[in-house]
Amino acid sequence: MTKLRPIHPDFLFLLDLKEKKVIELFKDLRAYILEIYPDSNELLYHTHALTAVFSISDKLSDAFCMLPIYTNHLNLGFNKGTLLKDPYSLLTGTGNLIRHITVDTAKDYRNKKVKDLIKAAVEFAIKEMDKPTRSTGMTISKIKSK
């Protein structure tokens with residue numbers, strides 16, 4: 001098992017303002033995604049939600065999943081969820097492209113069905129990528145620090 005990448009300090013500062021249960025779920029789900037695809041780049045944003053986006057390059061357009069953290073809950077979002085095969089009907093949402101899985105406990109994502117969906121999202125992102133990337137396994141903060 002590889003050493004888990006540290007959480008960026010700008011992100012961690014904002015994450016620590018969330019509820020303890022949400023923080024614990026985020027940390028575990030982040031670790032799970034990085035176990036499945038350790039070469040992913042983690043793009044960090046703070047807009048309407050505090051969000052970690054996992055991408056096969058340094059571009060948002062090549063992202064395969066994301067973890068938006070709201071006031072008291074988080075989701076496992078799939079950036080191109082409407083284009084993914086979802087044989088178990090795990091994904092919910094009404095957007096044109098993004099779908100998500102609501103996360104209340106680790107059982108909501110630590111299972112073979114979700115793992116297979118994450119792997120399928122990675123494969124789809126690789127297939128759809130415009131041009132190869134040299135950036136892998138990096139954390140890139142888009143959060144404006146004060």
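What follows draws every value from the coordinates through simple rules; no lab data is involved. Treat the numbers as computed from the prediction; the structure is a model and nothing was measured. As a convention, Cβ positions derive from the backbone with ideal geometry for all residues, glycine included, and neighbour counts pool all protein chains shown.
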Item to complete: Only residues that are under 15 Å from Pro87 (Cα atoms), in contact (Cβ under 8 Å) with a residue 60 or more places away in the chain and surrounded by 18 or more Cβ atoms within 10 Å (Cβ to Cβ): list them for the range 108-124, please.
Response: Ile118
Worksheet item: Has the range 16-24 got any residue that is under 16 Å from Ser141 (Cβ atoms), surrounded by 14 or more Cβ atoms within 10 Å (Cβ to Cβ) and touching a residue at least 24 places away in the same chain (Cβ under 8 Å)?
Response: no
Worksheet entry | For Leu34: the one exception among (1) touching a helix residue (DSSP H, G or I) at 6+ places or on another chain (Cβ under 9 Å); (2) surrounded by fewer than 22 Cβ atoms within 10 Å (Cβ to Cβ); (3) assigned to a helix (DSSP H, G or I); (4) not small (Gly, Ala, Ser) | (1)
Fill in: Residues within the range 83-103 that are under 24 Å from Tyr70 (Cβ atoms) and touching a residue at least 40 places away in the same chain (Cβ under 8 Å), tallied
2
Worksheet entry | Residue check, Leu44 of a type in the set (A, V, I, L, M, F, W, C) and crowded, with 22+ Cβ neighbours inside 10 Å | no
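Condition check ((1) crowded, with 20+ Cβ neighbours inside 10 Å; (2) more than 15 Å from the chain's Cα centre (by Cα); (3) not aromatic (Phe, Trp, Tyr)) across all residues:
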position	(1), (2), (3)
Phe54	yes, no, no
Asn96	no, yes, yes
Ala106	no, no, yes
Met129	no, yes, yes
